[in-house]
1. Can you name every residue in the range 45-63 that is touching a residue at least 12 places away in the same chain (Cβ under 8 Å) and of a type in the set (G, A, S)?
2. Tell me whether the range 80-98 contains one or more residues that are under 22 Å from Y171 (Cα atoms), at pLDDT 90 or above and of a type outside the set (D, E).
3. Among the residues that make up the range 150-169, is at least one of them outside any helix (DSSP H, G or I) and closer than 30 Å to M34 by Cβ?
4. Being within 25 Å of G69 (Cα to Cα) and surrounded by 13 or more Cβ atoms within 10 Å (Cβ to Cβ): is that true of V147 here?
5. Just a yes or no: is a residue in the range 131-145 within 28 Å of L10 (Cα to Cα) and among the polar types (S, T, N, Q)?
6. Looking at the range 135-149, I want the residues that are closer than 16 Å to L88 by Cβ and aromatic (F, W, Y) and have a partner that is open to solvent by 20 Å² or more (accessible area, probe 1.4 Å) and not in a helix (DSSP H, G or I) with Cβ atoms under 7 Å, at least 6 apart or on another chain. Which pairs are those?
7. Please enumerate the residues belonging to the range 17-44 that are without any contact (Cβ under 8 Å) to a residue 60 or more places away in the chain, open to solvent by 40 Å² or more (accessible area, probe 1.4 Å), assigned to a helix (DSSP H, G or I) and closer than 26 Å to R59 by Cβ.
8. Can you pull out the residues in the range 65-103 that are in a loop (DSSP other than H, G, I, E, B), open to solvent by 80 Å² or more (accessible area, probe 1.4 Å) and either in contact (Cβ under 8 Å) with a residue 12 or more places away in the chain or among the charged types (D, E, K, R) (or both)?
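The values are calculated or read from the model by the stated rules, or taken from the named source; none is laboratory data. These numbers come from a predicted model, not from an experiment. Every residue, glycine among them, receives a Cβ derived from its backbone with ideal geometry; neighbour counts consider all protein chains shown. All accessible areas refer to the heavy atoms of the entire protein, side chains included, with ligands and DNA or RNA removed. Shrake-Rupley method; radii C 1.70, N 1.55, O 1.52, S 1.80 Å.
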Amino acid sequence: MSRTSDSLGLQSGLLVLLLVLCAAVYAPGLAGPMLHDDFPQLAGLLEADSRDWRELADRHLFSSSGYLGRPVSMATFIANAVLHGDELRYWKATNLLIHGLVAVIVFFLARVLLQAAPEAVQPSQAGWLALLVAGLWLLHALHISTVLYTVQRMAQLSALFVFAGLLAYSYGRQRQRMSRS
């Protein structure tokens, strides 16, 4: 096993520990109530008599929030309603899961970008700096309301798709540069 793969293995293990730490930090908030703009957007789903996903999708797939109705976010809320009813801790746990997924993507994105700039950062240090960036993303106080306000899943999914797109683009550019060499 090479030194690079040893470092990536250790960094991945530390990333998992950061994810566990993040879950522990947010765990008390998962039991909290709906706040501010949660209720107007989600009340219909929480109060629905049926847990049939087709019926819920017919009524709630398109929200009154946003120009396009936010069907991806609403689909995840419908899934929460079908699987967990009105148990809000599971709805908020889904937000926490998305937050963790974004952090993993942020780690790999930062790693790829830092490795692409060897004049600025030594390649052996890129993964460690990426781990720091992912840790800051996970534990920064700015994200408390995004994770614990149920309806802010809309913002989290936006971040997930933007960072995933940036990661895919960065990997593609990296492969393109390598094929030219």
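1. A48, A57, S63
2. Looking for residues that are under 22 Å from Y171 (Cα atoms), at pLDDT 90 or above and of a type outside the set (D, E), one finds at least one in the range 80-98, hence yes.
3. No; the residues of the range 150-169 include none that is outside any helix (DSSP H, G or I) and closer than 30 Å to M34 by Cβ.
4. Yes, satisfied.
5. Of the residues in the range 131-145, the ones within 28 Å of L10 (Cα to Cα) are 131-144.
Add one more test, that the residue is among the polar types (S, T, N, Q), and what stays is none.
No, the range 131-145 has no match at all.
6. Sorted first by the residue in the range 135-149, then by its partner, the pairs are Y149/L35; Y149/H36.
7. F39, P40
8. R70, D86
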